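Before any comments, here is the structure.
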Amino acid sequence: MADVLSQSEVESLLAALDSGVQASDGVLQSDNTAQISVYDFKRPERVSKEQMQAFHTLHEGFSRELGAALSTMLRSICEVKLISVDQLTYSEFVYGLANPTCFSLVESKGLDGQIILDLNPSIVFPIVDRLLGGGRDTHGDGPIQRPLTEIEVRLATRVTDLIIEALENAWRDICDLQLKVVQVESNPQLVQIVPPNEVVVLISFEIVLSDSRGILNLCIPFNTIESKASKLSTDSWGANKKTKLNAAQKLSLDTGLSLARIELSVRLAETRLSTADLMNLEVGDIIMTESASDRGADLTIDGRSVFRGVPGVYRGKKAIRITETLQSPAAAISGQSGDGDQHAI
């Protein structure tokens with residue numbers, strides 16, 4: 001039969017546990033080197049923190065564009081705010097949604113699967129009411145708990161189309177999404193696009209229209225974007241992002257460059273002297289060069305000969321008349337040789 005501990009022994013063991021001391025084979029030992037990392041196998045962290053930050057940055061621009069598009073369509077101030085970017089399992093996402101809801105299954109040609117757009121009824125019905133010419137305050141009537149009718153689904157599709165367009169613009173630097181709605185359901189538990197334990201990225205937005213507000217959820221399974229994961233980092237995403245110049249910007253850039261000044265030098269002749277000869281030069285000495293007197297002078301840009309001409313005087317100032325084109329000025333500036341006859345000025 002096991003020995004019964006006395007009250008003092010029990011208090012000693014409790015004190016040892018409180019002070020971080022462990023009992024092993026009757027000997028109390030301290031273990032300060034152990035490091036325990038908590039890992040939940042039901043919710044594996046497949047998306048890195050850097051990729052989550054890239055998702056956050058990417059969809060902040062999406063929320064601003066969508067807010068402007070909704071305000072234009074509804075002719076009322078509509079605000080869209082990014083509230084969270086999380087990773088969880090697909091089952092947790094589905095069971096956390098309202099039922100009924102506006103659950104749209106979206107197919108993408110640019111990704112390896114499907115994504116989900118979920119619009120909460122608390123914001124869908126005010127938007128539909130606004131599109132039908134309403135706009136009355138329905139806040140006091142409480143939320144409407146019923147599936148959308150066929151006409152309401154058609155009207156909600158107009159909002160979905162704006163969301164798809166804004167998403168494609170936001171993801172343009174990552175890939176061409178080419179999104180298309182393939183199914184709309186009111187019960188989210190009827191749609192199973194990935195296994196229940198599959199990790200998904202849930203991006204939630206708050207839509208505010210007058211006194212009404214609701215949640216827009218964007219659910220992206222990780223296996224759908226796994227092939228693009230290398231591009232979903234803040235460094236590579238920022239490096240790959242390129243801004244296309246419009247016609248006005250190109251014209252402004254061309255005009256600014258055309259007015260930039262460059263140095264044009266005239267080289268009459270050149271020769272080599274020893275240091276001793278240079279030290280003994282006096283006024284009246286003649287320096288022999290290897291260039292003929294009738295050869296003319298070279299005009300250089302950045303040390304490259306571009307033209308050849310004859311020096312002289314024009315209107316009381318030193319000048320040079322161009323007699324021959326050696327290479328294109330554009331080629332001289334860019335460091336490449338060109339055909340002077342084809343690029344003559």
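For SER186, indicate whether it is modelled with pLDDT under 85, in contact with a Cys (Cβ under 9 Å, 6 or more places away or on another chain) and among the small types (Gly, Ala, Ser).
Working: modelled with pLDDT under 85: yes; in contact with a Cys (Cβ under 9 Å, 6 or more places away or on another chain): yes; among the small types (Gly, Ala, Ser): yes.
Taking the combined requirement at face value, the residue satisfies it.
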Practice task
State yes or no: is ILE83 in the same structural domain as ALA170 (by TED's automatic domain parsing), assigned to a strand (DSSP E or B) and farther than 17 Å from SER186 by Cβ?
Solution key: yes
Exercise for the section: For region 59-75, indicate whether the set of residues that are part of a strand (DSSP E or B) and not hydroxyl-bearing (Ser, Thr, Tyr) is non-empty. Expected result: no
Exercise for the section: State all residues of region 234-270 that are touching a Ser or Thr at 6+ places or on another chain (Cβ under 9 Å), modelled with pLDDT of 65 or more and small (Gly, Ala, Ser); if no residue qualifies, say none. Expected result: SER265, ALA269
Fill in the blank from the handout: Exactly one of ASP112, ASP86 is modelled with pLDDT under 85 and closer than 18 Å to CYS219 by Cβ, and that residue is ASP112
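Quick test for you: out of LEU111, LEU162, LEU155, pick the one residue that is surrounded by 15 or more Cβ atoms within 10 Å (Cβ to Cβ), in a helix (DSSP H, G or I) and within 28 Å of the chain's Cα centre (by Cα).
LEU162
The values are calculated or read from the model by the stated rules, or taken from the named source; none is laboratory data. It should be emphasised that the depicted structure is a prediction, and the values quoted were computed from it without experimental measurement. As a convention, Cβ positions derive from the backbone with ideal geometry for all residues, glycine included, and neighbour counts pool all protein chains shown.
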